[in-house]
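The values are calculated or read from the model by the stated rules, or taken from the named source; none is laboratory data. Everything numeric in this text was worked out from a predicted model, so none of it was measured. Here Cβ is always computed from backbone atoms with ideal geometry, including for glycine, and neighbour counts include all displayed protein chains. With ligands, DNA and RNA removed, areas are computed over all heavy atoms of the protein, side chains included. Shrake-Rupley method; radii C 1.70, N 1.55, O 1.52, S 1.80 Å.
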Amino acid sequence: MGQYHSMTTRLYSHSIYLQHLTPDGHPERPDRLRAIERVLEDEAFQYLDRCEAPDGDEASILLAHPEEHRERVRQCIPHEGLARVDADTTASPLSWQAALTAIGAANAAVDDVFSRDVDNVFVAARPPGHHAEKDKAMGFCFFNTAAIAARHAQKKHGAERVAIVDWDVHHGNGTQDIFWDDPSVLYCSTHQMPLYPGTGAKDETGAGNIVNAPLSANADGHQFREAFRSRVLTALDDFRPDLIIISAGFDAHHRDPLAEINLTEDDFDWATAQLMERAGKFADNRLVSLLEGGYDLHGLAFSVAAHVRRLMNG
Ligand SMILES: [Zn+2]
């Protein structure tokens, strides 16, 4: 662990993220954020610039989704109790506000790195976003926060090339869907395959801007790093992004109950360092990391700690 800090790292969180409720026994639960909050209380994170996430605006949703999708999600929000949105996605009365505030934080994070307020940002929000397709809420996700943030960077800050790197153990079908024919956004994903949602084969390449690096069940850090190096990093070097957004899921951790990849905290630390190096080289350090999955509370908390420590220490 570095004993100095060389980067300014902001953390966005908000109590509304705890108010998006899911059924008992559901892996995507408020305790995930409580575990992250606890681990970031450590003295090692005293220089983290902690901010309350701002409200998102509903118009931003339209950067990545048609209005019909936004209104369909709005209709799903119950006045009380839980409402089922798809087989494994549910909404509670404050889910709309939580999802909107996740978007608010992601867009603010983009503003922060473009204004040079901070070097990089970690957004500890839920619900996650990378399974949300243009027209479809699924896989615990309503709106694709990473995709919205990428388009926000292009629209508001004139970013020409945005890279989204997704190391969640599940393929980000939603992000791939949204940018399928948009070469101004590079989407790179490492994920277990076969696994939910079933997409993410190497031959799914979009307009040449989609780079999938599927891993077999039981792959470990060695295989992950090899795939990351040979597919993701080489694509980033060719693309030369103005901004890197990480869809940071931590469910490829060996303790995670939803998948069979065996990464450790060190692997997330390594991948973070690799992306920071590219952000330094191409994007004036601009890097925004958005929490996606990660369902074992210890695996999640320790992985986030390693990730954020690296973001802070460079
Ligand atoms: Zn996942």
Quiz item: Got a sec? What order do Leu33, Leu62 fall in by accessible area at 1.4 Å, biggest, i.e. largest, first?
Solution: Leu62, Leu33
Quiz item: Which residue fluctuates the most in the chain, going by a Gaussian network model with Cα springs under 10 Å, if the choices are Glu292, Glu67, Glu260?
Solution: Glu67
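Rolling a 1.4 Å sphere over the protein heavy atoms, what is the accessible area per residue of the chain, to the nearest Å²? Walk me through the numbers on the way to the answer.
Values: 12070 Å² over 314 residues.
It amounts to 38 Å² per residue over the chain.
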Quiz prompt | Positive-end residue, the chain charge dipole about Cα centroid, Cβ charges, pick of Pro197, Gly81, Leu287 | solution = Leu287
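Over 25 Å between Cα atoms: which of Lys156/Lys281; Lys156/Lys202; Lys134/Lys156; Lys134/Lys155; Lys155/Lys202 fall into that group? Present the calculation step by step, with values, prior to reporting the outcome.
Numbers: Lys156/Lys281 22 Å; Lys156/Lys202 32 Å; Lys134/Lys156 21 Å; Lys134/Lys155 18 Å; Lys155/Lys202 30 Å.
Where the Cα-Cα span goes over 25 Å, the pairs concerned are Lys156/Lys202; Lys155/Lys202.
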Quiz prompt | Mean-position separation - Cα centroids, region 106-138 and region 247-297, in angstrom | solution = 15 Å
Quiz prompt | Prolate/oblate/rounded call for region 1-125, Cα gyration tensor, a/c under 1.5 rounded | solution = oblate
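Give me the percent of accessible area attributable to carbon and sulfur for region 8-93, probe 1.4 angstrom. Let's see the in-between values first.
Numbers: 2100 of 4670 Å².
C and S atoms contribute 45 percent here.
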Quiz item: Can you give me the relative contact order of the chain as a percent, contacts being Cα pairs under 8 Å and 6 or more apart?
Solution: 20 percent
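What helices does the chain have that are whole DSSP H segments, at least 15 Å long along their own axis by Cα, and with mean Kyte-Doolittle hydropathy of 0.5 or more? Let's see the in-between values first.
Numbers: long enough: 95-114 (29 Å, 0.77); 145-157 (17 Å, -0.72); 265-282 (26 Å, -0.82); 297-313 (24 Å, 0.58).
The answer, listed by residue number, is 95-114, 297-313.
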Practice problem: Can you tell me the relative contact order of region 104-261? Whole percent, Cα pairs under 8 Å, sequence separation 6 or more. | Solution: 22 percent
Quiz item: Full extension from Ala87 to Arg34: what is 0.36 nm times the residue separation minus their Cα-Cα distance, to one decimal in nm?
Solution: 16.5 nm
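From the square roots a ≥ b ≥ c of the eigenvalues of the alpha-carbon gyration tensor of region 179-279, which class results: rounded (a/c under 1.5), prolate (a/b over b/c), or oblate?
Working: a/c = 2.03, a/b = 1.29, b/c = 1.57.
Oblate is the answer for region 179-279, as a/c is 1.5 or above yet b/c matches or exceeds a/b.
State whether the chain is rounded, prolate or oblate according to the following rule on the C-alpha gyration tensor (a ≥ b ≥ c being the square roots of its eigenvalues): a/c under 1.5 gives rounded; otherwise a/b larger than b/c gives prolate, and the remaining case gives oblate.
Numbers: a/c = 1.19, a/b = 1.14, b/c = 1.04.
Rounded, since a/c falls under 1.5.
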Quiz item: Going 7 Å from the Cα of Arg229 toward and past its Cβ, which residues in region 274-310 have a backbone nitrogen under 19 Å from where you end up?
Solution: 274-279
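So, with +1 on the Cβ of K and R and -1 on the Cβ of D and E, and no other charges, what is the size of the charge dipole of region 53-192 about its Cα centre, to the nearest 20 debye?
Around 20 debye, computed over region 53-192.
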